[in-house]
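Accompanying notes for the structure given below.
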Amino acid sequence: MSNDRIRIGMVGGGPGAGIAKAHRMGMRLDNRYALVAGAFSRSPEKSRQAATELGVAEDRVYQDYAQMAREEAAREGGIEVVAIVTPNDSHYPVARAFLEAGIHVVCDKPMTGDLDQARALHELATASGRVFTLTHNYSAYAMVREAARLIRDGVLGEPRIVMVEHASGWAADAVELAPDNKQAAWRLDPAQSGEASLVFDLGTHAHQLLRFVSGLEVTEVSAEMQTCVPERRVFDDAQVQVRLSNGARGTLWASMAATGHEHGLRIRVFGSKASLEWQQMDPHYLTINHPGGRREMLVQGHDGQSEAQARLTRVGLGHPEGFIESFANLYGDVAEAIDRHRESGQTRFDDLPLPTSHDGLLGIRFVQAVGDSHRQQGRWTHV
């Protein structure tokens, strides 16, 4: 680790913003970052308010992301990396501005709002020589890394069935009508998040988790979307059958209308020798089921598990870790990549399985295939 904390800026994340808090707590946990600049809101007053609360100097609060990218790139001691925590429709222009300015990028998912932008941003990120990471933080849970390792090591045998769901009940009623629900206002606005907002938001997380854990790619989908809440302008439930690159089959269920569910992220992989299950709301435990009724419960923090699990375990056995720590784990890997980039100029390292623009591009391809299949009454569609 470098002795110098990494200088980071933030676009978005002003008063009332939700996920930005998790980003900021995650980057603080290991004390490897200093938040020194931002364009926190389109409102100058709100942006200055956020800066005051976060201890950011007034002369480094910018009117917009373009000014911030331009002036920070020219400033001695300017930011090295930016965190983008804005609504989906702005990810592409903001990320592009900072990559073109030579600044590393941590971007909320989805990477972009359409496939052409995703291709363009992937090409730019690849050519830029800068670290580009999407905050698919669920793949930074310790026992998710352990699950992926077990599958790669053949403990389950050949994967045959993969079932993943991100079935939340946060919008099981008309939350978008509440005047003070900022998250609902943009997530359920088709102009900002697309008609398939659900698949961009929750579906891409489930898609990335499926790929990361199983090691397989989604090659075809058969999808149906529906709107459960009357008069809602976006889809709020998606049922997707998937065909995988080894010939296996699976399902992906994404919903924000799963009444009574909280976060609802779960993955199950059934192989020729055994199966496993992990649930994000009980993340310390990974269940392995064997034929004949034998069941193993692997618990985070025990000796004998992989280094991939151990390096992400912070507090130790019996002390639950969760969502904020997953962001800290992701930001820790980003910090390690940036520190190595300082020394070598490289941006990709096999021991740091960061979600990149490639993952972002595959996620947007998945979203498009789901939409295409839905419009054809569930016809099997290539991704």
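The values are calculated or read from the model by the stated rules, or taken from the named source; none is laboratory data. Keep in mind the model is a prediction, meaning the values are calculated, not measured. Heads up, the Cβs are rebuilt from the backbone with ideal geometry, glycines too, and the neighbour counts pull from every protein chain shown. These area figures cover heavy atoms from the full protein model, side chains too; ligands, DNA and RNA do not enter into them. Shrake-Rupley method; radii C 1.70, N 1.55, O 1.52, S 1.80 Å.
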*For volume of the Cα convex hull per residue in Å³, which listed value, (i) 165; (ii) 144; (iii) 155, comes from the coordinates shown?*
(ii)
*Relative contact order for the chain: what is it in percent, counting Cα pairs under 8 Å that are at least 6 residues apart?*
20 percent
*For segment 318-383, what is the relative contact order in percent, using Cα pairs closer than 8 Å and at least 6 residues apart in sequence?*
19 percent
*Based solely on its DSSP helices, what 222 nm [θ] is calculated for the chain when runs of n ≥ 4 H residues each add -39,500 (n - 2.57) and the sum is averaged over all residues, nearest 500 deg cm²/dmol?*
-10500 deg cm²/dmol
*Which one of Asp180, Asp64, Asp350 has the biggest mean-square fluctuation once the chain is modelled by GNM with Cα springs under 10 Å?*
Asp350
*Arrange the residues Arg32, Arg119, Arg266 by how much accessible surface each exposes, largest first, with a 1.4 angstrom probe.*
Arg119, Arg266, Arg32
*Just report the Cα centroid separation between segment 90-119 and segment 174-246, whole Å.*
20 Å
*Relative packing of 183-190, 53-60, 291-298, which averages over residues the other C-beta atoms within 10 Å, highest first*: 183-190, 53-60, 291-298
*DSSP bridge orientation in the chain - percent antiparallel, rounded to nearest 5*: 60 percent
*Surface accessible to a 1.4 Å probe, Met25 within the full protein complex, Å²*: 80 Å²
*Check the chain and count each lysine pair with an alpha-carbon distance under 27 angstrom, considering only pairs eight or more places apart or from different chains.*
6
